[in-house]
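The values are calculated or read from the model by the stated rules, or taken from the named source; none is laboratory data. Model, not experiment: these values are computed from the prediction. Positions of Cβ are generated from backbone atoms using ideal geometry, with glycine treated the same way; all protein chains shown enter the neighbour counts.
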Amino acid sequence: MFSNSAIAFVIETFGDLWLELMLFTVAVLCYAVFGDGIGSVVPLGFASSNINDEGREGTSTPHLTRAAASTPPLTRPAAEPHLGETSQIKQPPKQRAAPKVEGEKNGSSQPMSMQAAINTIRVKGQAKDLRGAIGVFKKLKASGAPLNAQVHNCLIDAYLQCEDLSGALAHFQDVAHCGIADSVSYNTILNALLKKGYTEQAQQLLREMAARGVPASRVTFHELLHAKVVAGDAKSSWKLIDAMRAADLNPDSVTCSILVKILQRGASASSIERVMKLVAEVGGPVDEVLLSSVVEACVRMKRLDLLSEVMHHFEREGHALQLTSPSYGSLIKAYGQARDVDRVWGLWREMGERGIKATSVTMGCMVAALVTNGCVEDAWDLIQLVQENETMQPTLNTIIYSTVLKGFSQLRQVDRVFVVYAEMSKFNIACNVISYNTMIDDCARCGAMDRVPKLLEDMRVTNIEADLVTYSILVKGYSLAGEINHAFKILEEMKTTKQLKPDEIMCNSLLEGCAREHRVDLALNLLDQMKTFGIAPSNCTLSIMVKLLGRSQRLDEAFKVVSELSIHHGFRPNIQVYTCLIQACLHNRRLDKAMEVKATLDAEPSCHPDEKACSVLLKGCLDAGSLQQALKVVHSAYALQNADKKAHAPGVEGHLLSELCTRLSSGTTAQQDAGKSLAADLKLHRGVDVASLPKYQKSVAGKGGPRAGGKATMSCSRVSRRV
């Protein structure tokens with residue numbers, strides 16, 4: 001056991017150690033709080049000082065405005081403050097101390113080297129410590145060391161990094177006045193002015209650079225050129241090109257890429273030729289960005305013909321553009337959109353003659369260009385040739401095959417679609433959901449839904465999940481095939497996925513299927529389900545329901561559905577809905593109701609009758625033998641009661657107008673007079689000559705009616721459009 005004296009000694013010793021530890025901790029904290037921060041002590045002689053030693057701290061900094069463009073040069077006369085003196089510096093918010101850099105050693109009394117000062121200014125600028133950067137610069141200057149342009153450029157950068165453009169300009173003016181500013185100094189200020197949108201001041205400074213013999217960099221010219229192009233100032237843009245050449249800076253691909261953006265629709269042929277001439281002068285392989293810009297400009301102006309002429313001109317002059325494979329792809333795509341198939345094949349052959357290997361992108365552009373122009377068989381033959389070439393086989397992929405699938409599908413050649421699908425399976429070209437949707441859609445439109453189960457099984461085997469488009473196409477296909485019950489089974493199957501919900505398109509397809517099979521109750525039930533699905537009906541939905549209810553002799557329900565749904569969902573029926581209502585009334589032999597719908601339509605402020613609606617009503621009047629009502633419809637359709645020739649006058653189909661005039665001329669004396677008056681008014685007010693319309697014959701209304709009436713409709717439509 002320890003004695004009492006030993007224990008007392010131990011306690012006293014630990015107490016002394018604890019007191020010393022506490023005092024040391026307090027000393028460290030005081031140093032950290034009242035000193036310049038631990039680990040960031042500036043060497044003696046270079047400690048950070050106030051921003052302005054002359055007592056100007058806190059004064060507001062004047063901001064550069066666009067009005068400064070009218071002042072002479074940005075570099076100041078000799079009466080300005082001494083070089084290095086920082087006037088009216090914007091004081092930044094208090095920043096945390098910058099990290100210690102090389103040359104900043106605690107307790108050092110040796111003057112900082114030039115490189116160490118540059119590094120310190122750069123670090124403090126990055127840390128947003130403008131006060132510290134200025135302090136280091138001033139102490140370096142006070143040491144008597146000669147200050148080179150690099151030091152000044154670092155301080156200008158520090159100003160700009162701290163978002164003090166006025167301070168940067170003030171220091172730059174001092175440096176430029178003393179003749180120390182170099183090209184880096186000027187280019188730094190130029191870029192800063194352009195970023196702020198001060199284009200005129202930047203141009204002024206550019207002129208001063210030329211006067212002082214300071215060369216501007218290519219990047220500076222590009223920045224200024226971009227600003228002029230964005231402003232749409234073509235004249236100044238070309239002046240900058242001339243200035244670049246005067247500075248021994250030849251335009252490159254970047255210059256051309258910027259300049260070509262000024263070409264908009266309506267640009268003159270000389271403008272685009274001048275740009276393309278500049279492109280040719282660049283020489284060497286054409287930059288992909290540049291070519292894309294040129295092609296986009298030509299497409300935007302719809303002047304690919306001019307692009308072809310210019311390219312042929314350069315070929316004749318021996319300055320043919322050296323295109324790469326992606327460049328050929330861009331051109332093939334552009335000429336494909338312009339429907340110039342001959343030029344598309346010419347580019348493809350030219351690429352082969354020059355030994356340029358096609359990539360998947362180029363091959364995709366070629367196939368897409370052919371399919372877009374209806375040359376699907378040519379695209380398929382090209383794929384067969386590529387498939388036989390082992391070196392080119394890797395260029396074929398799912399996208400290329402899917403493009404051909406879509407082409408055959410649009411032509412409704414379902415057999416060819418499955419030939420392509422068989423080859424994809426043979427060469428292990430994976431199908432995606434878009435490919436399967438394309439094939440299923442073709443089956444739906446061609447009435448080949450019996451082939452769909454095999455496609456669905458292949459999707460399941462390859463773990464490709466059906467999406468909303470897949471289910472919509474299936475519903476549409478079975479509805480068109482008259483298998484409405486199967487279509488509703490597809491709907492129930494989709495609802496079990498819990499990830500997909502039916503949309504308006506799918507519901508409308510089901511409603512159309514119900515209309516084809518006269519399944520009124522099933523359609524009304526689906527209309528109620530749309531509420532639970534959260535699907536708002538549209539005018540398309542109303543049109544389908546009106547057709548279905550009208551054909552089912554449920555006219556009152558048709559009007560009720562239109563009224564309730566349009567009011568509840570806050571939209572107004574459009575002209576298609578009104579036309580369907582008129583047809584429904586005529587189908588139910590309610591000419592009076594149809595005339596009421598026409599009167600309501602005339603009163604609608606946001607919906608106006610069109611030729612289709614007026615023609616449907618006129619035909620109904622003629623079928624009902626009501627020539628008096630037919631006269632009213634024609635007078636309204638041609639706005640004969642309105643002397644204003646600019647009044648809305650949709651007119652009617654020509655063969656119906658001819659039929660009315662013929663029947664009036666063979667009627668009673670009053671009807672004959674009414675027919676003559678109508679013909680005179682039509683010719684006087686609307687320029688429609690009834691005598692020039694095809695003569696009405698009763699047989700025309702039967703078998704030959706549609707074709708004979710088609711020409712008359714076109715003629716009358718042109719008249720109404722011209723009026």
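Points worth noting:
- Residue match in the range 135-144 (condition: over 43 Å from the mean Cα position of the chain (by Cα), hydrophobic (A, V, I, L, M, F, W, C), surrounded by fewer than 21 Cβ atoms within 10 Å (Cβ to Cβ) and modelled with pLDDT of 85 or more): yes
- Qualifying residue in the range 368-382 (condition: surrounded by 14 or more Cβ atoms within 10 Å (Cβ to Cβ) and in contact with a Cys (Cβ under 9 Å, 6 or more places away or on another chain)): yes
- Subset of the range 626-640 [surrounded by 15 or more Cβ atoms within 10 Å (Cβ to Cβ) and either under 45 Å from the mean Cα position of the chain (by Cα) or free of Cβ contacts under 8 Å to residues at least 40 places away in the same chain (or both)]: S626, Q629, A630, K632, V633, S636, A637, Y638, A639
- Evaluation of I180 against the conditions (1) in contact with a helix residue (DSSP H, G or I) (Cβ under 9 Å, 6 or more places away or on another chain); (2) part of a helix (DSSP H, G or I); (3) farther than 16 Å from R122 by Cα; (4) aliphatic (A, V, I, L, M) shows that the sole unmet condition is (2).
- Note on the range 166-204: residues that are more than 19 Å from V229 (Cα to Cα) and aliphatic (A, V, I, L, M) total 9.
- The one condition from (1) crowded, with 20+ Cβ neighbours inside 10 Å; (2) more than 23 Å from E423 (Cα to Cα); (3) not β-branched (V, I, T) that W345 does not meet is (1).
- Exclusive hit being at pLDDT 75 or above and buried (at least 18 other Cβ atoms within 10 Å of the Cβ), set L278, L263, L193: L193
- Just one of the numbered conditions (1) touching a Gly at 6+ places or on another chain (Cβ under 9 Å); (2) under 14 Å from L190 (Cβ atoms) is not true of S253: (2).
- Out of S237, S257, one residue alone is part of a helix (DSSP H, G or I) and either farther than 17 Å from E281 by Cα or touching a Phe, Trp or Tyr at 6+ places or on another chain (Cβ under 8 Å) (or both). It is S237.
- Taken over the range 211-230, residues that are under 18 Å from A192 (Cβ atoms) and among the small types (G, A, S) amount to 3.
- Residue selected from the range 641-681 under the condition in a helix (DSSP H, G or I) and basic (K, R), by the criterion surrounded by the most Cβ atoms within 10 Å (Cβ to Cβ): R663
- Residues that are at positive phi and either touching a residue at least 12 places away in the same chain (Cβ under 8 Å) or buried (at least 23 other Cβ atoms within 10 Å of the Cβ) (or both), drawn from the range 427-456: G447
- The single residue among T497, T470 that is crowded, with 16+ Cβ neighbours inside 10 Å, over 18 Å from K593 (Cα atoms) and among the hydroxyl-bearing types (S, T, Y) turns out to be T470.
- Residue pairs meeting the criteria (Cβ under 6 Å; at least 6 apart or on separate chains; first closer than 14 Å to S543 by Cβ, in the range 498-522; second of a type in the set (K, R)): S509/K476; A515/K547
Here's the yes/no breakdown for (1) within 26 Å of M276 (Cβ to Cβ); (2) in a helix (DSSP H, G or I):
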residue	(1), (2)
I356	yes, no
V386	no, yes
T391	no, no
P394	no, yes
V404	no, yes
V420	no, yes
N428	no, no
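- Total residues in the range 584-625 satisfying the condition of being charged (D, E, K, R) and either without any contact (Cβ under 8 Å) to a residue 12 or more places away in the chain or in a loop (DSSP other than H, G, I, E, B) (or both): the figure is 6.
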